[in-house]
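What follows is a short report on a single structure.
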Amino acid sequence: NQVLALMFDMNLLWEKYVYRQLQKKLSGEYIVRDQVSTNFWKPEKGRMMQLKPDIVVYDKQHKQVTVLDTKWKNPGGNKPSPEDLRQMLAYNYYQNCRHSSLLYPYSGDKPFSRQGHYQKDEKECSLIFLPLQRVNQRMQLDLDAIELFIEICAKERKNEELLLHHTSQQKHLR
């Protein structure tokens, strides 16, 4: 008996699936890009190394809203690994982004999230658990939690810009 074995890179499949679903759901409101490269380290000899977050979301004015990274794994106790948190902190800094999120598949029927922030500054990394369920013989992903997260990030970014603009105007009036 011969058996045909197929192996898939589930990390890559999850990343591309979430990216495509977000593009569909957010089109018209946001710009969703994958694998946005940022140079971060140059050896004395050799090629520049780059950071490439899975997904970067921009508003209509092309201002960055958030960085998302997909993880095809079950974080024990709903806690990310230190390596994943360090990766997101690097994305926050190099993408000049205050908010980021790790996106995990979840077998429950309702999405849920956990917030967390880094200790030295105001940068944050949330965990969002996305229900992935079979509906009418098709896989369906509940993106409501991500959509809400992105809306909150966009509003906070606009508020920060307004505050900076107001502070700048106050300095000019003095």
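Note down the nm distance, to one decimal, between modelled labels 7 Å out along Cα→Cβ at K158 and at Q23.
Roughly 2.6 nm, to one decimal.
As a test of the formula, what do you get for the chain when each DSSP H run with n ≥ 4 contributes -39,500 (n - 2.57) and the sum is divided by the residue count, at 222 nm and rounded to the nearest 500 deg cm²/dmol?
Taking each H run of at least 4 residues, the total per residue is -12000 deg cm²/dmol.
Only sites in a loop by DSSP and with at most 10 other Cβ atoms within 10 Å count here; which trypsin sites (Lys or Arg not before Pro) in the stretch 82-173 make the cut?
Details: sites: R86, R98, R114, K120, K123, R134, R138, K155, R157, K158, K171; in loops: R98, K120, K123.
Qualifying residues, ordered by number: K120.
Express the relative contact order of the chain as a whole percentage, based on alpha carbon pairs under 8 Å and six or more residues apart in sequence.
It comes to 15 percent, rounded to a whole number.
Nearest 5 is fine: what % of DSSP beta bridges in the chain come out antiparallel, could you say?
Looking only at bridges with both residues in the chain, the antiparallel portion is about 60 percent.
Could you pull the accessible area for H99 with a 1.4 Å probe, rounded to 10 Å²?
Only protein atoms counted, so the area is about 10 Å².
How large is ³J(HN,Hα), in whole Hz, for each residue of the stretch 44-58 in order, when computed from phi with the Karplus curve 6.51 cos²θ - 1.76 cosθ + 1.60 and θ = phi - 60°, using x for Gly and Pro?
Coupling constants for the stretch 44-58: 4, 10, x, 8, 5, 9, 10, 9, 9, x, 4, 9, 10, 10, 10 Hz.
Rounded to a whole number, what % of the accessible area of the stretch 46-164 do carbon and sulfur atoms account for, probe 1.4 Å?
Accessible surface attributable to carbon and sulfur in the stretch 46-164 totals 50 percent.
For the stretch 146-158, what does the Karplus curve 6.51 cos²θ - 1.76 cosθ + 1.60, with θ = phi - 60°, yield as ³J(HN,Hα) per residue in whole Hz, taken in order and with x for Gly and Pro?
5, 4, 5, 4, 5, 4, 5, 4, 5, 5, 5, 4, 5
Net charge near G108: determine it from the other residues with C-beta under 15 Å of the C-beta of G108, scoring Lys and Arg +1 and Asp and Glu -1.
Around G108, the surrounding residues sum to 0.
Taking H as built 1.01 Å from N, whose amide H comes closer than 5 Å to the amide H of F112, not counting residues under 5 places away?
Sorted by chain and number, the residues that satisfy this are F129.
Which lysines have a Cα lying under 21 Å from the Cα of K79, excluding residues fewer than 8 positions away in the same chain?
Filter leaves K71, K110, K120, K123.
Can you run phi through the Karplus equation (6.51, -1.76, 1.60; θ = phi - 60°) for the stretch 134-144 and list ³J(HN,Hα) in whole Hz, with x for Gly and Pro?
Result, rounded to whole Hz: 8, 10, 6, 6, 10, 7, 10, 10, 8, 9, 4.
Let me check I've understood the local charge: for K52, count other residues with C-beta under 12 angstrom from its C-beta, Lys and Arg +1, Asp and Glu -1. What total comes out?
Within the 12 Å Cβ shell, the charges total -3.
In square angstrom, what is the accessible area per residue of the chain with a 1.4 angstrom probe?
Values: 11890 Å² over 174 residues.
Result: 68 Å² per residue.
The values are calculated or read from the model by the stated rules, or taken from the named source; none is laboratory data. All figures in this text were calculated on a predicted structure; none of them were measured in a lab. In this analysis, Cβ positions are derived from the backbone assuming ideal geometry, glycine residues included, and neighbour counts consider all displayed protein chains. Note: accessible area is taken over every heavy atom of the protein model, side chains too, but ligands, DNA and RNA are not part of it. Shrake-Rupley method; radii C 1.70, N 1.55, O 1.52, S 1.80 Å.
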